[in-house]
Amino acid sequence: MTVSSVRSSLALPLRTTVVGSYPQPEWLVDHAMLSARLPPRVRAREIWRVPEQWLQEAQDDATLIAIRDMERAGIDLITDGEIRRESYSNRFATALDGIDLVNPGTALDRTGHPNPVPRIMGPIRRREPVMVRDVEFLRANTDRPIKITVPGPFTMTQQAQNDYYPDAAAAALAFAAAVNEELRDLKRAGADVVQIDEPYLQARPDDAHRYALPAIARALEGIDGVAALHTCFGYAHVVHTRLAGYPFLAELEATPAQQIIIESMQQRVDLTMLESLPHKQVVLGVIDLDDNAAVETPAAVAAQIRAALTHITPDRLMLAPDCGMKYLPRATAFAKLCALVEGTKIVRRELGVPD
């Protein structure tokens, strides 16, 4: 696709995308080990089944599987499935200067349990691009619009032990500067959309009110094209007790992000929340990723989309799964993506929107 055709396709109403992650193959990752622990914030090389000397090649092969599954399902804006990551955040956070990788710190996870986390022991700086090769690989292997994700500065601050900066706000701004440098390189490498993941905005609203917005603004400063911000209730596989609703959502209207990515199914949220973002494109999760959730029918997906359209216009709505699909069996994840696409097509036809 040319740049202009990519932008035109994304500008159509009711496009589909994914939040980020897709299931890693069993031959690549020990899923029993991954699922039995909290999402790793420090490196967790022990989950990989492939020896280090062949790991990059294996990750490339698995990334091709994720790309092809998203294409076969008919997703409009795809990612690389975050196949090379042990979690959505640790690959980037642990690649920065100023982080002690030998002596990690401790912080409470959003489940309330202590978790080993990056320990900030000096100035946070990005020494080199972290995911540029990921974008280049994705761009070389699909002609669809592509998106890449990076952990957001507020969430990385919540997932770190700060032993250097005077307060959390200062640490968040340092993380934000590193994110901004990365996003600029990812755009130059060919990403059509860049996304920052900020799930802790929902889990820690008091802290979010204190220092999240300046950090997010710094992370997205000067980024050309579409930038997205994702916030959620956490992986359904991991987080079982959650705050009700989004206590920090209307505030995101003030961020530079053009897209706000939120979920609706796992918590059965009140869709009037969409009215709190009157000038944003909203990527709404309409696929439940709970371990026990059956694969949705296209009719059920269409019903949720129609319900959302009573609060937002079609030109400002995109559809996605509720969160990353990392913990699902691959067959289930693929079936859910197919249901997402087919359910969206039902509503497109009803509204006369082209596929």
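The values are calculated or read from the model by the stated rules, or taken from the named source; none is laboratory data. Everything quoted here is computed from the prediction, not taken from an experiment. Glycine gets a Cβ as well: all are built from the backbone with ideal geometry, and neighbour counts include every protein chain shown.
Residues checked against (1) among the basic types (Lys, Arg); (2) free of Cβ contacts under 8 Å to residues at least 60 places away in the same chain; (3) closer than 27 Å to LEU77 by Cα:
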{"site": "LEU138", "(1), (2), (3)": "no, no, yes"}
{"site": "LYS147", "(1), (2), (3)": "yes, no, yes"}
{"site": "ALA160", "(1), (2), (3)": "no, no, no"}
{"site": "ALA170", "(1), (2), (3)": "no, yes, no"}
- Note on the structure: Given the conditions (1) touching a helix residue (DSSP H, G or I) at 6+ places or on another chain (Cβ under 8 Å); (2) free of Cβ contacts under 8 Å to residues at least 40 places away in the same chain, every one holds for ARG184 apart from (1)
- Enumeration of residues in the range 216-242 that are more than 15 Å from the chain's Cα centre (by Cα) and at pLDDT below 65: HIS237, VAL238, VAL239, HIS240, THR241, ARG242
- Taking the range 101-136 and keeping residues free of Cβ contacts under 8 Å to residues at least 60 places away in the same chain and under 15 Å from ASP163 (Cα atoms) leaves LEU101, VAL102, ASN103, GLY105, THR106, ARG119, ILE120, MET121, GLY122, PRO123, ILE124
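Conditions (1) under 30 Å from LEU108 (Cβ atoms); (2) in contact (Cβ under 8 Å) with a residue 40 or more places away in the chain; (3) among the aliphatic types (A, V, I, L, M); (4) out of contact with any strand residue (DSSP E or B) (no Cβ under 6 Å at 6 or more places or on another chain), marked per residue:
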| position | (1), (2), (3), (4) |
| --- | --- |
| ASP30 | yes, no, no, yes |
| SER35 | yes, yes, no, yes |
| GLN53 | no, no, no, yes |
| ASP60 | no, yes, no, yes |
| ALA66 | no, yes, yes, yes |
| MET70 | no, yes, yes, no |
| ALA73 | no, yes, yes, yes |
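Listed residues ALA189, ALA228, ALA208, ALA219; which is in contact (Cβ under 8 Å) with a residue 12 or more places away in the chain, surrounded by fewer than 23 Cβ atoms within 10 Å (Cβ to Cβ) and of a type in the set (Gly, Ala, Ser)?
On the way: ALA228 fails: surrounded by fewer than 23 Cβ atoms within 10 Å (Cβ to Cβ); ALA208 fails: surrounded by fewer than 23 Cβ atoms within 10 Å (Cβ to Cβ); ALA219 fails: surrounded by fewer than 23 Cβ atoms within 10 Å (Cβ to Cβ).
Residue meeting the stated conditions: ALA189.
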- Note on the structure: Of the residues in the range 122-157, those that are farther than 30 Å from THR16 by Cα and buried (at least 24 other Cβ atoms within 10 Å of the Cβ) come to ILE124, THR157
